[in-house]
Structures are given as structure tokens and as C-alpha cells.
Amino acid sequence: MEERKIALITGGSRGIGKAIALKLASSGYDIVINYAGNTEAALKTVDEIKALGQNAEAYKFDVSNRTEVEENLTSIIEKYKRIDVLVNNAGITRDDLFIRMTDDKWSDVINTNLNSAFYVTKPVVKLMMKQRFGSIVNTTSVVGVYGNAGQANYSSAKAGLIGFTKSLAKELGGRNIRVNAVAPGFIATDMTKDLTNTEEYLKLISLKRMGTAEDVANAVKFLAVDAEYVTGQVLEVDGGMII
């Protein structure tokens, strides 16, 4: 009997993470999602994955807390014995002009958006090295490439993820582990729903629309599953906003 393929997605209960989970489930993967707080949303996502005919489970833990990550990843690895795809998607924003940015706003974003990738990826990579295969996709952002006023913390974390992606791709290629990143632009999610200057952003986008979570999920699925000779790349999913 063929072994079932497993994908682990952090921040997988809502928005882009949920869309990624459903896309990979549609591609034949059983799904393990991490979530931080909204149990109702996480369980709804699990039900939707199961409706697609795949197994699914949700684990609640704070990806910025090394101890919680280690405890939960140990449980996940012991239960499933393998992880074929890891998507480091968990992220938050705490926007402010740099001169007004507090230590907490800085550290919360760096810990959740960047340090979490280190905590989660390390045990997964050890497993993938034993498997001698695996695919990792990190969710960064176009602001990690080009910067953005009021987002020095977020831009720094996302730029760090790009360096993380490229470095791991060089280290792990010999073990048949690919590491790539997606860099979404202006995507319609809970994170952007309260923006007031939407029309100004749309003027900058060649396709003249906001992206959807499904647009990002399609790119993640391509990198995670289809692009077998692609590693160390950052795929900008921004509708031509940055050309």
C-alpha cells in the first residue's frame, strides 16, 4: 500500500494558510495545520479538508515559542513518521512608523514571522534528511524584497525569510530537499481588509485587482509539488505590482 503524503502548514486555519491547506489536500496530501487561537476556524478547515477525502488534524501552539514548537513537532513526527511538505506560513503585522515602533512591536513580528521558521523547520529538516526528500515553502512578501514605509519590522522578518530560504536550499539540495518561497503582494485577506487606500494600491498593479488567497495557494502548490527542479527561488505573486 502506498504511503500517504503529509503536508504541515503553520498558520493554516484561515486566509492564505487555509487556501494552501485545501490546495494541497486537493493534490492528494493529508494535512496537519498549526493555528494560534481560533479553534472554530481551525476545526472548520479540518472538516473541509476531510470533505475532499484527505485526513486532517489541527494542532494549537504558538510558533514563536520554542518549547511549544518542540513539544508539538515531536508529537506530529511520532504520529505521522514523515513530512513531505512544510509550509512556513504563520505571520502577523504590527505596523508603525519606525520612529514610533515599540520594542514589543518589533520583537513580536520578528519572533512570529522569522524565528518561528527556525523553530519549526529544524525538526522537520532532520526528518526530511532521513527520508532523503522533502519540499519546504516559506511565505515571505514583496515588502521583504522592496521594503515598505511603516513596516520595518515586517519587511525585516520577510527579508530574513528570503535569506533563510536561499541558504537552506544550498545546504539541503544534496539530500533531495527543495526550499523555495512565495512573496505575495496585495492579497485580499483579514490582514488587508481594513486598509483605506485600496484604490491607490490597485493603480500600481498591472492586473488591476487584488490577489486572492487561492492565487497564493496555486503558487505554493507549484513550488511544493510540481517544480521538481526548482529550489532557492522566490516567486512574487503580486499581479505585476512590482515590475
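The values are calculated or read from the model by the stated rules, or taken from the named source; none is laboratory data. All values reported here derive from a predicted model rather than from experimental measurement. Positions of Cβ are generated from backbone atoms using ideal geometry, with glycine treated the same way; all protein chains shown enter the neighbour counts.
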Note on G150: of the conditions (1) in contact with an Asp or Glu (Cβ under 9 Å, 6 or more places away or on another chain); (2) on the phi < 0 side of the Ramachandran plot, unmet is (2)
Looking across segment 130-184 at residues that are more than 16 Å from A227 (Cβ to Cβ) and among the charged types (D, E, K, R), the single one that is surrounded by the most Cβ atoms within 10 Å (Cβ to Cβ) is K158
Q: Return yes when D108 is over 24 Å from F186 (Cβ atoms), modelled with pLDDT of 95 or more and of a type in the set (D, E) and no when it is not.
A: no
Of the conditions (1) at positive phi; (2) at pLDDT below 95, the single one that G11 does not satisfy is (2)
Checklist entry - Quick check, is A117 touching a residue at least 40 places away in the same chain (Cβ under 8 Å) and farther than 18 Å from A181 by Cβ? => result no
Taking segment 134-157 and keeping only residues that are closer than 16 Å to N89 by Cβ and of a type in the set (S, T, N, Q), one is left with S135, N138, T139, T140, S141
Restricted to segment 204-237 and to residues being part of a loop (DSSP other than H, G, I, E, B) and either of a type in the set (V, I, T) or touching a Phe, Trp or Tyr at 6+ places or on another chain (Cβ under 7 Å) (or both), the residue farthest from K23 (Cα to Cα) is I205
Condition set crowded, with 20+ Cβ neighbours inside 10 Å and not aliphatic (A, V, I, L, M), scope segment 15-29, selection modelled with the lowest pLDDT: answer is G15
Residues of segment 44-79 being of a type in the set (S, T, Y) and either buried (at least 18 other Cβ atoms within 10 Å of the Cβ) or without any contact (Cβ under 8 Å) to a residue 40 or more places away in the chain (or both), in sequence order, are T45, Y59, S64, T67, S75
Within segment 35-50, does at least one residue satisfy the condition of being under 16 Å from T121 (Cβ atoms) and either outside any helix (DSSP H, G or I) or within 17 Å of the chain's Cα centre (by Cα) (or both)?
no
Of the residues in segment 112-129 that are hydrophobic (A, V, I, L, M, F, W, C) and touching a Phe, Trp or Tyr at 6+ places or on another chain (Cβ under 8 Å), the one that is surrounded by the fewest Cβ atoms within 10 Å (Cβ to Cβ) is F118
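Considering only segment 225-233, I want to know if a residue exists there that is closer than 20 Å to K158 by Cα, hydrophobic (A, V, I, L, M, F, W, C), modelled with pLDDT of 95 or more and crowded, with 18+ Cβ neighbours inside 10 Å.
So far as segment 225-233 goes, no, none of its residues is closer than 20 Å to K158 by Cα, hydrophobic (A, V, I, L, M, F, W, C), modelled with pLDDT of 95 or more and crowded, with 18+ Cβ neighbours inside 10 Å.
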In segment 80-101, anything exposed (fewer than 15 other Cβ atoms within 10 Å of the Cβ), without any contact (Cβ under 8 Å) to a residue 24 or more places away in the chain and touching a helix residue (DSSP H, G or I) at 6+ places or on another chain (Cβ under 9 Å) is listed as K81
Scanning segment 53-104 residue by residue, the ones that are of a type in the set (D, E, K, R) and closer than 17 Å to R14 by Cα total 3
